[in-house]
Each structure stands twice: as C-alpha cells, then as structure tokens.
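Structure first, commentary second.
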Amino acid sequence: MSKHVIIKKKINPFNKIITVPGDKSISIRFILLAAMALGKSRAYGLLNSQDCNASLKAISKLGVKVYKKKNYIEINGQGLNGLPFKNKTVINCQNSGTLMRLIGGLVCKSKKTIVLKGDQSLSQRPVRVIEPLNHFGVNVKSKNNKLPIEITGTNFLRPIEYKELKGSAQIKTLCLLCALNTPKDSVTTIISKSSRNHTEKLFKHLKIPIKIKKKGQYDFIKIKGGYQYSGFVQKIPGDISSASFFICLTLLSKNSKIVIKNVNMNKTRTGIIDLVKKICSSSIKIKNKKIKNGEEIADIYVKSAKKFKAINPDPSISSKVIDEYPLVFLLACKSSGKSFFKGIGELVHKESNRLKVCANFLRQIGVKVVEKKDSLKIYGNPNLNINKNITVKNFMKDHRIFMMACVAALTLDGNGIFKINDKDSIKSSFPSFITLIKKLGAEIN
C-alpha cells in the first residue's frame, strides 16, 4: 500500500455542512479519569485514533475492563489506587505525548512498576514527568529524560506545591491526577502558566474539590486529595484542531463555504479563531453556542477569504494555538505584508521540530522566511504561485504537517504537483481526514 499521496488539482468550490471527530485531548482525559472512577463510565463520540486506542489498551493492561459498543465506549473503573496490574507492565504510548505524560497519575500510589515506551518520534521528545513525579515521592528511572522510562509509585504519596511555568497542560494534568491519590483532605497547590483546561473542567463537572484563581498569565490551583468520584457519562464534541484544517481549506479556496457543527470552543484552545479573525475577520463566524459537560460547544461558519492581513500576534497566545501554528503560517503566506511570530519555541518539541519543518516547507513553496530558535518571520505574497513539483518528506511522520501540506496543495495557486509522504501519520489523531476532505470534492490519489 502506498505511503504517500499525490495531489495534482486544486479543490473545486464547495458549500458543505460537516462534523469532525471527537476532541483528542478530552477523549484521552476521559479514558484515564474513567479508569480511576468507581463504577461504569460511558463516552459518546470518543475519537477513534491510534493515540486514543493506545490509551484504551494502556488502561486494559493496568487491569481496567473496556467495552467498545457501536455508539459508545464503556469503561469499568476500579477507583483510586485500585488498578490490579502486574509488576513491570509495559505500556506502549506509541505517538501519544498526552498518554506518556499522564499515565503516571494512575499508578503513582502503587508500589509496582510500569515501563513506558513509544514510537521513534515520541522516543526523541523530552518526557518532562520526572521532576513533578519525584516531588510527589514517585521514583522514575530514565536515560537523558527520554523514553523508555520506569515509573514506580509509593504508598507515601505526598501533597506538593508545584510551579509549571511552560504552559504544559499535560504536566498540569499529571499533577492533578497525582493529587487525587494523596491522603484525604491534604492540599496540593499548582501554579501553572495558563494552558488548556479540560482536566479542570472535568474535575468541576465531577464535583472533585478544586479551586482555581487566575492572576495574570498564571492559574493558582488547589485540589484536595482522596476524593473518590463515581462513574460518569461524557459526550465528546468535535476537535477544534481537526476543524482548523477545514477552516483554512475554506479560507484559501475559491468561492467556498463550510459549516462545521458541534466543535469544542474551549477558550484555552481557540487561538486559531482569534488569529483568523485578525487575518480575515469577515470570513468566519461562531454561532449556536451552548455548554455541555462544562465545555463550550458551537458551530463554525467559514467562507473563502478575499484578502489576508499580515499579523504580529502577542506571544501569550501561543498556548492557545500551538497545534494550529502550521496552518496560521500557511495563511500568512498569502498576506500582503510581513508576519512575525514570537515565543513559539515550544514547536521544537512537538512530533517533529515543527518550527524548522514549517520554515523549510514555506521556503520550498517559494515563501521568504527568517527562522530563529523561538520565532518565525514570514514575508507574505498574495500572488504566490507554485509552478514546480513539490515533495514533502522528512517531517518525522508528523500528522499535522501532513494535513497542512494537503491543504496547501489543494488551495495555493499554480500548476505544481504535490507528493506528500507518510499519509499513515493521520491515524494518530484524524484517521478520517482524507475521507472527509474527499467528500468536499478534493482529488487525492
């Protein structure tokens, strides 16, 4: 089976209503919190992807029963500190950084050891869990802060005060899960640079005792330990990250419109919407807002943009748009000026070095860029034409780079033919991407 796609033609005008698969961040958090609940939990709309399936397999190996039904997933939770797994259980996180960084919260109070491993891409990324787990009293063995690692919990898990200053929602969530396992009524304090807050919203929905105060760019979070919650039901909305590819596809296409229904509009995740409104404000509208399970859901209406403005966003927006930057860079290519993105060094630590990979891709399609260790300057060209054949490769099988390149190939002017490698990368987050984009009329071979 071919491992690449060929795109020869631009997408024809379309006017469609679509839905995108369930939010990956919420899906994985549901799986792990359901494993720690007491009794049965059920999720509707759980994302069917490699990352989520790796998470389901992980809790199964830890002794939790998982039932896949036609319309939902059911998990029979074992309660806090109730996971009956074997010593030296090996968990393959595959490409999921979220699973790698959160799973320690489930085993932190067990004296048994788990061994975490991952695929080639994940094995090159920093694990970042050693310091916070050590603070709680958990032992972690690692070479060079990379996979594989061994995590051995303790019966004497202690509450801590921890400062998370990078804006990592994964490390914040790890601390929250560990805090649940500390002695009853003990208080853990987390001072965290603002980042996506799905875990905090789930905690509030489950009535877990958590208090949050915002001070500037930081959240001051206090959580009491030892609170056992019961099984719960979760309806998972569409993923804003997945929707972003169709937002940008429509903006860059000719004479097209799209409505994306029931998308998660959590304000810690909607940086892409904020930046699109700066780039081409009249081309996007948010309608039919509602709240489900503590999360804001809405429909996104998009139409083709006629002009693109250059932008110079405040670096503080980075945590809200970190996964969507490749698409924002693509929009900046069509602007009539110079766009400057600062404070984006975190892109270096994604599935690929996205800062370098994106800069190389933009140069390849004829866009002038200046790349530094934590910034990217893009000299836009409204008349950008690609009249040479382009091969997109060497991006560490990064799913977001693959999909961004497909959007570029289907929309940017010119007669160039695109060959984009590693199509299987989308299995980690958006397996139905090619099927869905073909329903809009795209010709992808």
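Coordinate-derived values only; no laboratory data. This structure is a prediction, so every number in the text was calculated from the model and none was measured. Every residue, glycine as well, gets a Cβ built from its backbone with ideal geometry; the counts of neighbours run over all protein chains shown.
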Add +1 for every Lys or Arg and -1 for every Asp or Glu among the other residues with Cβ under 12 Å from the Cβ of Lys277, and state the total. +2
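Rounded to the nearest 500, what is the 222 nm mean residue ellipticity of the chain from helices alone, with -39500 (n - 2.57) per DSSP H run of 4+ residues and division by all residues? If you can, show how the numbers build up before the last one.
Details: 14 runs with 129 residues, N = 445.
That comes out to -8500 deg cm²/dmol.
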Net charge near Pro382 (other residues with Cβ under 9 Å of its Cβ; Lys, Arg +1; Asp, Glu -1) is +2
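Using DSSP, restrict attention to beta bridges with both residues in the chain and report what percent are antiparallel, rounded to the nearest 5. Mind dumping the intermediate values first?
On the way: 61 of 82 bridges.
Among the beta bridges of the chain, antiparallel pairing accounts for roughly 75 percent.
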Segment 1-113 - Rg and Dmax from Cα coordinates, angstrom: 17.6, 59
Pairs of Cα atoms farther than 16 Å apart, segment 187-239, %: 48 percent
HN-Hα J couplings of segment 146-161 from phi, Karplus 6.51/-1.76/1.60, θ = phi - 60°, integer Hz, Gly and Pro as x? 10, 5, x, 10, 10, 10, 10, x, 8, 6, 10, 4, 10, x, 9, 10
Projected-area average for segment 24-235 over all orientations - Cα convex hull basis, square nanometres: 10.3 nm²
One quarter of the C-alpha convex hull surface, i.e. the mean projected area of the chain in nm², amounts to 19.4 nm²
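Output the antiparallel fraction of DSSP beta bridges having both residues in segment 24-235, as a percent to the nearest 5.
75 percent
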Percent of Cα-Cα pairs more than 11 Å apart in segment 39-81, please. 65 percent
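Counting Lys and Arg as +1 and Asp and Glu as -1, what is the net charge of the other residues whose Cβ lies under 14 Å from the Cβ of Asn353?
Residues close to Asn353 contribute a combined charge of +3.
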Aspartates and glutamates with Cα under 15 Å of Lys388, excluding same-chain neighbours fewer than 8 positions away: Asp413
I need the Kirkwood Rh of segment 144-232: take the reciprocal of the average 1/r across all distinct C-alpha pairs and report it in angstrom. 13.8 Å
